[in-house]
Amino acid sequence: MRYDLSDRLVVGIASSALFDLTDCDAVFRERGEDAYRSYQEAHLDELLAKGVAFPFVRRLLSLNDLADQADPLVEVIILSRNDPDTGMRLMRSIRGHGLPISRAVFRQGRPSHQFMPALNMSLFLSADGPDVRGAVAAGLPAGRVLKTGRIDDESDPELRIAFDFDGVVASDAAEQVYQKGGIDEFRAYEVGHAATPHDPGPLRDFLAGINRVQRLEEERRRKDSAYQPRLRVSLVTARDAPAHERALLSLKQWGLRVNDAFFLGGIDKAAVLKALDPHLFFDDQVANLNGTAPGTPSVHVPFGAVNAPPAGTV
């Protein structure tokens with residue numbers, strides 16, 4: 001029977017985001033591909049350690065209990081630069097950790113983001129910067145996971161996701177105004193365009209997929225008052241009043257929503273995110289993420305003008 005992905009929330013993930021591959025990568029870099037193959041074969045039955053995105057993926061997949069087991073809401077598919085042979089350890093680790101992931105793409109050293117549209121993916125996560133930049137340059141929604149010191153509380157059933165707005169959920173058009181004219185020109189621009197929704201950014205469709213799952217949680221709660229929704233979404237942005245109105249209007253016009261909104265007006269995001277404690281936070285600016293990543297699992301979305309290479313570089 002044909003397995004249709006069109007109505008599912010599909011996330012692609014590289015092994016580097018799902019697991020900690022520090023030792024494997026060191027073998028490949030220092031000793032080459034043949035040694036890497038031998039290392040993976042020798043450690044075939046040794047589980048890979050959990051990586052930055054593991055807590056996010058585990059909780060996201062757990063939301064499939066809201067639907068028929070044969071027709072899951074969420075699908076996570078491996079997109080890997082390994083070949084099928086060296087990818088065996090990855091798949092055994094997935095099984096050993098109890099993750100319901102059965103589909104994978106192995107490309108033997110080549111990127112696989114070009115298959116994202118065919119697989120209906122609204123997000124690709126990897127720790128490989130060039131792979132992520134290649135996906136974003138092709139107009140695809142991707143983010144690079146950064147190392148974090150956060151230790152996951154596995155007894156916590158809630159999945160918390162936080163997004164920056166400009167250059168993540170929305171396009172970076174307003175951010176470009178800010179970069180050229182400063183905060184006063186930015187605010188004037190946003191007030192003047194307050195009734196006009198932003199163009200969507202790279203993760204708008206991913207948020208839409210998350211919202212679809214949230215609506216099913218609401219239906220479950222209406223039928224069962226004891227049910228506690230597990231999925232919570234927050235907006236954490238440097239915008240403040242009056243520029244907040246256009247952001248909220250855009251979400252409303254797109255039919256999307258967030259549970260929490262933090263309009264920080266230049267306040268450092270790191271302390272707020274540490275208190276919020278999301279399992280992933282998405283931002284387009286490395287300067288912000290350098291502060292958040294130590295305490296919050298953070299994802300760099302290299303989209304827009306702030307991530308363009310300096311003039312004169314390739």
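Ignoring ligands, DNA and RNA, what percent of the accessible area of the chain is carbon or sulfur (1.4 Å)?
That share works out to 50 percent.
If you project the alpha carbons of the chain onto their three principal axes, what span does each projection cover, largest first, in Å?
Answer, in whole Å and largest first: 62, 59, 38 Å.
How big is the charge dipole of the chain about its Cα centre, in debye rounded to the nearest 20, if each Lys and Arg gets +1 on its Cβ and each Asp and Glu gets -1 on its Cβ?
Working: 37 positive and 44 negative charges, 77 e Å.
Its charge dipole is roughly 360 debye.
Taking the dipole about the Cα centre of the chain, with the C-beta of Lys and Arg at +1 and of Asp and Glu at -1, give me whichever of 176, 38, 229 is farthest to the positive side.
Of the options given, the answer is 229.
Compute the signed sum of charges (Lys and Arg +1, Asp and Glu -1) over the other residues within less than 12 Å, Cβ to Cβ, of residue 111.
+2
Say we join alpha carbon atoms closer than 10 Å with springs in a Gaussian network model of the chain; which of 129, 32, 167 then has the biggest fluctuation?
32
Given the options 303, 214, 167, identify the residue whose Cα lies farthest towards the positive end of the charge dipole of the chain (+1 on Cβ of Lys, Arg; -1 on Cβ of Asp, Glu).
214
Which one of 53, 121, 78 is farthest out on the positive end of the charge dipole of the chain, using unit charges on Cβ (Lys, Arg +1; Asp, Glu -1) and the Cα centre as origin?
It is 121.
With a 1.4 Å probe and every protein chain left in place, work out the accessible area per residue of the chain in Å², rounded to a whole number.
Numbers: 15200 Å² over 314 residues.
With the other protein chains kept in place, the chain gives 48 Å² per residue.
Which cross-chain or sequence-distant (5 or more) residues have an amide H under 5 Å from the amide H of residue 20, H modelled 1.01 Å from N in plane?
49, 50, 51
Could you tell me the convex hull volume per residue, in Å³, taken over the Cα atoms of the range 1-76? Walk me through the numbers on the way to the answer.
Values: hull volume 10.4 nm³, N = 76.
About 136 Å³ per residue, rounded to a whole number.
Could you report the accessible area of residue 28 in Å², rounded to 10, computed with a 1.4 Å probe on the protein chains as they sit in the structure?
About 100 Å², rounded to the nearest 10.
Provide the per-residue ³J(HN,Hα) series for the range 128-142, in order, calculated from phi with Karplus coefficients 6.51, -1.76, 1.60 and θ = phi - 60°, each as a whole number of Hz, with x at glycine and proline positions.
8, x, x, 4, 5, 5, x, 5, 5, 4, 8, x, 10, x, 8
So who's got an amide H within less than 5 Å of the one on residue 10, skipping anything under 5 residues away but keeping other chains? H placed 1.01 Å off N, in plane.
75, 122
For the range 236-312, what class follows from the C-alpha gyration tensor (a ≥ b ≥ c being the square roots of its eigenvalues): rounded when a/c is under 1.5, otherwise prolate if a/b is larger than b/c, else oblate?
Cα axes put the range 236-312 in the oblate bin.
Can you list residues from other chains, or at least 5 along the same chain, whose modelled amide H is less than 5 Å from the amide H of residue 79?
Here the answer is 13, 14, 15, 105, since their amide H atoms fall under 5 Å of that of residue 79.
Using every Cα-Cα pair within the range 171-314, state what percent have a distance larger than 18 Å.
Numbers: 6507 of 10296 pairs.
Of all Cα-Cα pairs in the range 171-314, 63 percent lie more than 18 Å apart.
Placing unit charges on C-beta atoms (Lys and Arg positive, Asp and Glu negative, everything else neutral), compute the dipole magnitude of the range 188-287 about its Cα centre in debye, rounded to 20.
About 480 debye.
Grab every C-alpha pair in the range 1-128, bin the distances at 10 angstrom width from 0 up to the longest one, and report whole percents.
12, 44, 32, 10, 1
The values are calculated or read from the model by the stated rules, or taken from the named source; none is laboratory data. Here the structure is a predicted model, which is why all the values come from computation and not from measurement. Cβ atoms come from the backbone with ideal geometry, glycine included; neighbour counts cover every protein chain shown. Quick note on the areas: whole protein, heavy atoms, side chains included, nothing else; ligands and nucleic acids left out. Shrake-Rupley method; radii C 1.70, N 1.55, O 1.52, S 1.80 Å.
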